[in-house]
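This report concerns only the one structure given below.
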Amino acid sequence: GEHHIGLIGLAVMGQNLVLNMADHGFTVSVYNRTTEKMEEFIERCQSGEPSADRVIGYAKLKDFVKSLAKPRKIIFLVKAGRPVDMVIAELLPLIDKGDILIDGGNSEWTDTIRRENELAEKGIHFVGSGVSGGELGARFGPSLMPGGSKEAWNAIKPIWRACAAKVDKKTGAELQGAEAGKPIKGGETCTAHIGPDGAGHYVKMVHNGIEYIDMQLICEAYSIMRHLLAMKPEEIGEVFEEWNKGELSSYLIEITADILKQKDPTNKRKAFVDIVLDRAGQKGTGKWTAMNALDIGVPANAIGEAVYARCLSALKDERVKASKVLKGPKIKPIQRGKAKYVEMIREALYCSKICAYAQGFQLMTEAQKEYNWKLNFGTIAKIWRGGCIIRARFLQKITDAYANDKKLQNLMMDPYFKKAIHSGQEDWRKIISLCAEHGIPSPAFGSALAYYDGYRSEVLPANLLQGMRDYFGAHTYERTDKKRGEMFHIDWPDPKRPQYKA
Ligand code: NBP
């Protein structure tokens, strides 16, 4: 065969990625378990896609595999979990040593590590490649986060670099204006080899964890304007539109402005947000991020808080009942000096966002030790500047921060971010205290601030905590005036007896 690449799994993501690759001049063989879906797709391509002649459908997996140039490159975009293992099992008898299998779905990175090991034994390359940007991203330029071996990366690099989103070299802003058959050319590409085995899928997962907290912070900013300042959705939409021109400029802020200005499609007098049920769904990547943070002991509390906020929202029926029983302060909306408060909320959002990203990057910093990766954080921030859901001007600052200091321990310690928090914190604190006074929930703002204050505390009350652990469980304690790791214990039932080394 001579086709450049094969794709299995023609749902939304798969279809769009195929067209993206074809637009860039690659011939793509396609296969789908349910053949009708493949046929429908090919028909749709032929009736309007400029690159249709570069998309070739196969009903039989064997013919699909045969059509590919060696070493074969086969990407699958099927549901994460068992389907991925099933696709691999079906392909194994048909492929040869040196071929490259690529999983573009949202697989758990531990599954990717396992699959890479299993396939490496058979001489097959396996790449777990995070794909972010939803449907439109896949179609016109996603952010691509491939793991796997260097050798596999070199083989898929031309395709990945061509198809990924592009950003302006100087400003880091995403290059816009791609159309079917007319992809973006030039600019810096939003893909890079992340690291071996599961590194790509891990980094994609952290991206999603950050996405959760980014969204929750935006929701809290909206809620505070709504309740504390009694602003209407359209008015708040205009605020977000303004914010999108400054340091908060990002895809999520941009779509928030659009959503808040949208009317209910069935009743033009109502705001769209007012007819959407306030019960959040989730598919698990935020939860995985929070669980991994707990597993490796990294305080990513804001990311966890964002997951819990969705869980709390899901208790809609309980909340409706509780709202009639559990009392809180009556909110008296602030009427005067609204613009000043809006600016304070913006500062609170920006400071919280810095803390949230600091947590995400701290998590990756620890994870790389756990899994033996060497992640390049400047590059990771760079390839998130375009294509993906958290794309933002802000990410350029993170790239700069790691360029200035490769060993940066925490983003908040970078001069730019430190200064931003120093200048915003008074407003940030004020907004959180106003929320507490008025009974407006702002868990993500609050937990980000708790992280900041905890991180900058030379002394935390864990001294008392260690005392308790020694008291009830003889867990021992370290002394401030002795070497770290030297353990002491008091015989608590009779504390007058001298302490002794454990
Ligand atoms: P889905 O996650 O809904 O998967 C549907 C595809 O999987 C269909 O092509 C289906 O074939 C195929 N499939 C299944 Br299910 N079981 C299979 C099996 N045992 N063998 C072969 N094929 C099987 O599609 P999607 O929403 O396009 O997402 C694809 C991947 O990309 C997922 O991992 C998702 O998490 C990830 N992702 C999605 C987005 C997004 O915005 N949707 C963004 C980023 C990443 P069939 O037609 O025969 O049922």
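Can you say whether His207 is surrounded by fewer than 18 Cβ atoms within 10 Å (Cβ to Cβ) and assigned by TED's automatic domain parsing to the domain that holds Arg391, as far as the supplied structure shows?
So His207 fails the test.
Suppose we keep only residues that are surrounded by 15 or more Cβ atoms within 10 Å (Cβ to Cβ) and part of a helix (DSSP H, G or I) within region 143-156. Which one would you say is farthest from the ligand (Cβ to nearest atom)?
Among them, the one singled out is Ala155.
Within region 252-272, can you find the residues that are away from the ligand (no atom under 16 Å from the Cβ) and under 24 Å from the mean Cα position of the chain (by Cα)?
Result: Ile253, Glu254, Thr256, Ala257, Asp258, Ile259, Leu260.
Determine whether Lys166 is in the same structural domain as Ser51 (by TED's automatic domain parsing), basic (Lys, Arg) and buried (at least 23 other Cβ atoms within 10 Å of the Cβ).
Taking the combined requirement at face value, the residue satisfies it.
Taking the condition outside any loop (DSSP other than H, G, I, E, B), assigned by TED's automatic domain parsing to the domain that holds Glu49 and not hydrophobic (A, V, I, L, M, F, W, C), does Thr171 pass?
In short, no.
From the list Val298, Val307, which residue is crowded, with 21+ Cβ neighbours inside 10 Å and either within 18 Å of the chain's Cα centre (by Cα) or more than 30 Å from Gly105 (Cβ to Cβ) (or both)?
Val307
Restricting the search to region 2-41, which residues are β-branched (Val, Ile, Thr) and in contact (Cβ under 8 Å) with a residue 40 or more places away in the chain?
Ile5, Ile8, Val12
Listed residues Gly25, Gly98, Gly6, Gly1; which is touching a strand residue (DSSP E or B) at 6+ places or on another chain (Cβ under 6 Å) and in a loop (DSSP other than H, G, I, E, B)?
Gly1
Where the second residue is outside any loop (DSSP other than H, G, I, E, B) and the first is over 17 Å from Asp491 (Cα atoms) and lies in region 458-469, which pairs have Cβ atoms under 7 Å and are six or more apart or on separate chains?
Note: pairs meeting the criteria are Leu460/Gly454.
Could you tell me which of the residues Ile398, Ile432, Ile421 is under 30 Å from Ala162 (Cβ atoms) and not basic (Lys, Arg)?
Ile398
Just the residues that are under 21 Å from the mean Cα position of the chain (by Cα) and small (Gly, Ala, Ser), please, taken from region 218-251.
The answer is Ala221, Ser249, Ser250.
Could you please give the count of residues in region 1-16 that are within 25 Å of the chain's Cα centre (by Cα) and more than 9 Å from the ligand (Cβ to nearest atom)?
Going through region 1-16 one residue at a time, the tally reaches 1.
Condition first: within 21 Å of Pro183 (Cα to Cα) and more than 10 Å from the ligand (Cβ to nearest atom). Now tell me which residues in region 116-142 satisfy that.
Within region 116-142, Arg139, Phe140, Gly141 meet the criteria.
Can you report the number of residues in region 378-400 which are assigned to a helix (DSSP H, G or I) and buried (at least 21 other Cβ atoms within 10 Å of the Cβ)?
Qualifying residue count for the region: 7.
Collect the residues in region 28-76 that are part of a helix (DSSP H, G or I) and within 13 Å of the ligand (Cβ to nearest atom), keeping them in residue-number order.
Thr35, Glu36, Lys37, Met38, Glu39, Glu40, Phe41, Leu61, Phe64
Determine whether Lys496 is closer than 30 Å to Asn410 by Cα, surrounded by fewer than 14 Cβ atoms within 10 Å (Cβ to Cβ) and outside the structural domain of Trp428 (by TED's automatic domain parsing).
Answer is no for this residue.
With Ala221, Ala290 as the choices, which residue is more than 16 Å from the ligand (Cβ to nearest atom), assigned to a helix (DSSP H, G or I), within 29 Å of Gly337 (Cα to Cα) and out of contact with any strand residue (DSSP E or B) (no Cβ under 8 Å at 6 or more places or on another chain)?
Unique residue meeting the criteria: Ala221.
Could you tell me which numbered condition Asn106 fails, if it satisfies all but one of (1) within 16 Å of the ligand (Cβ to nearest atom); (2) in contact with a Lys or Arg (Cβ under 9 Å, 6 or more places away or on another chain); (3) modelled with pLDDT of 95 or more?
It fails just one condition, (3).
When both residues are 6+ apart or on different chains and their Cβ atoms are under 9 Å apart, which pairs have a first residue that lies in region 77-94 and is within 7 Å of the ligand (Cβ to nearest atom), and a second that is aromatic (Phe, Trp, Tyr)?
Pro83/Phe76; Val87/Phe76
Have a look at Glu366, Glu343 and point out the one that is more than 15 Å from the chain's Cα centre (by Cα), over 21 Å from Tyr416 (Cα atoms) and not basic (Lys, Arg).
So the residue among Glu366, Glu343 that is more than 15 Å from the chain's Cα centre (by Cα), over 21 Å from Tyr416 (Cα atoms) and not basic (Lys, Arg) is Glu366.
Identify, by number, the condition in (1) in contact with a Phe, Trp or Tyr (Cβ under 8 Å, 6 or more places away or on another chain); (2) outside any helix (DSSP H, G or I); (3) not small (Gly, Ala, Ser) that Arg336 doesn't meet.
(1)
Would you check if Glu188 is out of contact with any Leu (no Cβ under 7 Å at 6 or more places or on another chain), more than 24 Å from Gly386 (Cβ to Cβ) and charged (D, E, K, R)?
In short, no.
The values are calculated or read from the model by the stated rules, or taken from the named source; none is laboratory data. All values reported here derive from a predicted model rather than from experimental measurement. Quick reminder, even Gly has a Cβ in these numbers, built from the backbone with ideal geometry, and neighbours come from all protein chains shown.
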